[in-house]
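Okay, so here's the structure we're looking at.
The values are calculated or read from the model by the stated rules, or taken from the named source; none is laboratory data. None of these values were measured; they are calculated from a predicted model. Using ideal geometry, Cβ is built from the backbone for each residue, glycine included, and neighbour counts are taken over all protein chains shown.
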Amino acid sequence: MRFVDTNILVDAASTEPETAVKRTTALGILDEVDLALSVQVLQEFYVQATRQTRAAPLPHAQAVDLIQSWLRYPVQDLIVEILTAALSARVR
């Protein structure tokens, strides 16, 4: 199982011409079946994709639709126990 970072989701949703290569790559990654997300990544995607300072911000409804489509992957809640386990794993 591979964990998808926020940047992959943002790149996949981008309509900006200068990010076409990143979009194609991100969409290819999202076609895979062995992916996982976290609630935090989905939240970060929404904030980044809809912020008004973006060259082409997504409307709320479109961002929500994309998030709904990505719920086909396992989504990990971020809880303190997971954070401390990740910090311990980093040390190992």
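Pairing residues of the stretch 31-55 that are modelled with pLDDT under 95 with residues that are in a helix (DSSP H, G or I), at Cβ distances under 8 Å and at least 6 apart in sequence or on separate chains, gives R54/Q48.
Within the stretch 57-84, restricting attention to residues that are within 21 Å of I29 (Cβ to Cβ) and touching a Ser or Thr at 6+ places or on another chain (Cβ under 6 Å), the residue that is modelled with the lowest pLDDT is Q76.
Taking the stretch 56-80, which residues are touching a residue at least 40 places away in the same chain (Cβ under 8 Å) and either within 18 Å of N7 (Cβ to Cβ) or charged (D, E, K, R) (or both)? Within the stretch 56-80, A56, L58, A63, L66, W70, Y73, Q76, L78 meet the criteria.
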